[in-house]
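Single-structure report; data block below.
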Amino acid sequence: MAINFAALFEDADGAMTKEEAVYAILKISVMINGHEDDRERALLESLIKGSKTLRGSKDGAQSAIQSIEQRLAGADSTETLNQLAKDACASLEHIGLEICKSIFTQSVDIMLADGSLHPNEKALIQILAEQMKIPEDFVRMVLSVMASKNQY
Amino acid sequence: MALDLTELFEDSGALGGMSKDEAIYSILWIAASIDGVLDEREKSERDFFISRSKTLKGGDAVEDGHLLARLEEKTKAWRYDPYQFEPVTINACASLLQESAETCKSVFVQAVDIVYADDVLHENEQRLLDLLRKELRLDNVFADKAVRILDAKNRF
């Protein structure tokens, strides 16, 4: 009998590849406020195009993107998106703090791209910071710099 | 006889004289080009800022779609001449100082994001950031913070 590893790991946090985790966090950052703002979507596309992690993978991360899009298609509530974000954070945390800081910053950049912060976005920022154990002073700096960047 | 104010202004040696749109467009364009190579990631970042900037999208002129074309036309005189980058930057900064400190901070952060997009800090890019920091009269604590955060953002 073949073991279905995906089913066995379903209840455990993490288990995403680095590319899947990065794409999941960035895409959830666009979706979490309930609608996909044009500016947030444009920034996501620009970040994907420039991402060293996604560009560096064999197929340009196409399989990772497809796998996450499939999981997101079934995500019908904020709670489901937040849980998926927690899984992604658990996977990235294993890799190291530097990548966590980088993806956290990219995610905040997306969420502030439309010039406002929805309560769901605020909650997601807190989840990402806590789950990836981002130092508080770094979180404070990111919010201040990204708010300034997206002001004009 | 009609006065050519642009020419008179240029000859006077006074700084500034750009509109807010023109100043922002010029700084972002220079940030992407100053290392001598228009890297795809820097270009993508620059085009993204220009296309979605609240300032560049917010003016009346953009509603008829001519603002960006007009800015592109105005910058033709210097955009392929690296020797012009410094005086244009100084003029753009002097013009932005007439706006607000918040605008200056925002444009500085956008320029840092472009410069760090290819993960290589060329010496000309470092000079540009130093010049922007000085000419926009930015608080050093804020400028240092911006560089640190954008460097972290563009690493992965």
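Coordinate-derived values only; no laboratory data. These figures come from a predicted structure and were not determined experimentally. A quick note on method: Cβ atoms are made from the backbone with ideal geometry, for glycine too, and the neighbour counts reach across all protein chains shown.
Note on B:Lys134 and A:Asp76: with the Förster distance fixed at 41 Å, the Cβ-Cβ geometry gives a FRET efficiency of about 0.20. Can you work out the FRET efficiency for the pair A:Glu69 and A:Glu98, with r the C-beta to C-beta distance and R0 = 41 Å, to the nearest 0.05? Here the calculated transfer efficiency is 0.95.
Counting Cβ atoms of other protein chains within 10 Å of each residue's Cβ and taking the mean over peptide A:139-149 gives 6.
Relative to the current alpha-carbon distance between A:Gln62 and A:Lys49, full extension at 0.36 nm per residue lengthens the span by 3.5 nm. Shielding by partners for peptide A:41-54, expressed as the average number of C-beta atoms from other protein chains within 10 Å of each residue's C-beta, is 4.
A simple spin-label model places the labels of A:Leu143 and A:His118 1.9 nm from each other, with each point 7 Å out along Cα-to-Cβ. Taking each residue as 0.36 nm, the span from B:His66 to B:Arg148 lengthens on full extension beyond its C-alpha to C-alpha distance by 25.9 nm.
Between amide H atoms placed 1.01 Å from N, distances below 5 Å from A:Met16 occur with A:Ser91, all of them 5 or more places distant or on a separate chain. Using 0.36 nm per residue and subtracting the Cα-Cα separation, the extra length available between B:Val120 and B:Val37 on full extension is 28.7 nm.
Per-residue mean of foreign Cβ neighbours for B:138-150 is 3 (Cβ atoms of other chains, 10 Å radius).
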